[in-house]
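Heads up: the structure comes next, in structure tokens.
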Amino acid sequence: MASIIEKYASEDVTLLQGQIISDGKPSFSESIPAKAIVSDFSQADLDYFGRIEAGRIFYVSPLDSPPALPGQIIWNGVTHEIQGVRVYKNLSGLLLGYKIAAAAKGA
């Protein structure tokens, strides 16, 4: 049975993981396509993740391996820096998805 995140995730996102240094600049070795539900921050989210301007919450469907910091997420052509990741599992231990807090790069 699909989780509620899998059921309603309709936005295409790309996770950039595995930070490396290339030509003296930080880069990422993995580009992982995923589906997500995207929303703006609310006050409760600000308390959990700290103060982030121009922030978004991405509810991402389960992946082979959980997103890690540092990382980035690309949505609608905008790159966001991942600020925090929360793993969601049900009481049986079944992975339901991830809640990723991210700030628009340069914001």
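Side notes on the structure shown:
- Scope segment 85-107; condition at positive phi and surrounded by fewer than 18 Cβ atoms within 10 Å (Cβ to Cβ); matching residues: GLY93, GLY106
- All positions within segment 57-71 that are in a strand (DSSP E or B) and either charged (D, E, K, R) or in contact with a Lys or Arg (Cβ under 7 Å, 6 or more places away or on another chain) (or both): ILE57, TYR59
- Within segment 56-77, the set of residues being more than 21 Å from ILE20 (Cα to Cα), touching a strand residue (DSSP E or B) at 6+ places or on another chain (Cβ under 6 Å) and open to solvent by 50 Å² or more (accessible area, probe 1.4 Å) comprises ARG56, TYR59.
- Residues of segment 75-99 satisfying the condition of being polar (S, T, N, Q) and not in a strand (DSSP E or B): ASN76, ASN90, SER92
- Near pairs, Cβ below 8 angstrom, 6+ apart or cross-chain, from segment 58-70 (under 20 Å from ASP40 (Cα atoms)) to any residue that is part of a loop (DSSP other than H, G, I, E, B) and open to solvent by less than 60 Å² (accessible area, probe 1.4 Å): TYR59/ALA9; VAL60/ALA9; VAL60/PRO67; SER61/SER3; SER61/ALA9
- Selected residue (criterion: surrounded by the most Cβ atoms within 10 Å (Cβ to Cβ)) from residues of segment 3-35 that are within 25 Å of ASN90 (Cα to Cα), free of Cβ contacts under 8 Å to residues at least 60 places away in the same chain and of a type in the set (Gly, Ala, Ser): ALA34
Every residue, every condition in (1) out of contact with any Pro (no Cβ under 8 Å at 6 or more places or on another chain); (2) at pLDDT below 95, yes or no:
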residue: GLY50; (1), (2): yes, yes
residue: GLU53; (1), (2): yes, yes
residue: ARG56; (1), (2): yes, yes
residue: TYR59; (1), (2): yes, no
residue: GLU81; (1), (2): no, yes
residue: ASN90; (1), (2): yes, yes
residue: GLY93; (1), (2): yes, yes
residue: ALA107; (1), (2): yes, yes
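The values are calculated or read from the model by the stated rules, or taken from the named source; none is laboratory data. The model shown is predicted, which means the values in this text are computed figures rather than measured ones. When we count neighbours, we look across all protein chains shown, and the Cβ atoms used for this are built from the backbone with ideal geometry, even at glycine. For accessibility, only protein heavy atoms count, side chains too; no ligands or nucleic acids. Shrake-Rupley method; radii C 1.70, N 1.55, O 1.52, S 1.80 Å.
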